[in-house]
Amino acid sequence: MTMQFLPVNQNLLLQLQIRGYNILASAQGIDHENPSYYPIQVSDVWDYLVRLDYTSGIGEPALIVIEDALRNIKEQHFDGAVFVDFEID
């Protein structure tokens, strides 16, 4: 199993969604130019978002809701990379 950082794009988001992930989260703030994400799976996306604590030192964290991104964000507007442990076709 190879662990690697891959650029955020629609194909990668689809692959993550197929594997059951629904959010990309980052320890970096929303203002970071090129955030590094890790995929997570939560049972209720909106409940997760409402419960986020912005009081850590980074302010608002960089997050991508995968379903929303696939529906509403054009490919050229994706920034950052995702740490994954699988190969992309």
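The values are calculated or read from the model by the stated rules, or taken from the named source; none is laboratory data. Owing to the predicted nature of the structure, the values given are computational and were not obtained by experimental measurement. Positions of Cβ are generated from backbone atoms using ideal geometry, with glycine treated the same way; all protein chains shown enter the neighbour counts. The protein model used for the area step is the full one, side chains on, heavy atoms only, and it has no ligands, DNA or RNA in it. Shrake-Rupley method; radii C 1.70, N 1.55, O 1.52, S 1.80 Å.
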Quick one: in the stretch 51-68, which of the residues that are within 15 Å of ASP31 (Cα to Cα) and either outside any strand (DSSP E or B) or over 10 Å from the mean Cα position of the chain (by Cα) (or both) is modelled with the lowest pLDDT?
ILE58
Cβ-Cβ below 6 Å, separation at least six or inter-chain, first residue in the stretch 1-23 and open to solvent by 50 Å² or more (accessible area, probe 1.4 Å), second acidic (Asp, Glu): which pairs?
MET1/ASP85; MET3/ASP85; GLN10/GLU75
Any idea which of LEU24, LEU6, LEU16 is modelled with pLDDT of 85 or more, in a helix (DSSP H, G or I) and either over 12 Å from the mean Cα position of the chain (by Cα) or closer than 19 Å to GLU87 by Cβ (or both)?
LEU16
Contact list please: Cβ distance under 7 Å, first residue in the stretch 36-53 and within 24 Å of PHE78 (Cβ to Cβ) and open to solvent by less than 80 Å² (accessible area, probe 1.4 Å), second residue at pLDDT 95 or above and among the hydroxyl-bearing types (Ser, Thr, Tyr), pairs at least six apart or on different chains.
PRO39/TYR21; ILE40/TYR21
Sole miss for ARG71 among (1) open to solvent by 40 Å² or more (accessible area, probe 1.4 Å); (2) modelled with pLDDT of 90 or more; (3) not in a helix (DSSP H, G or I) is condition (3)
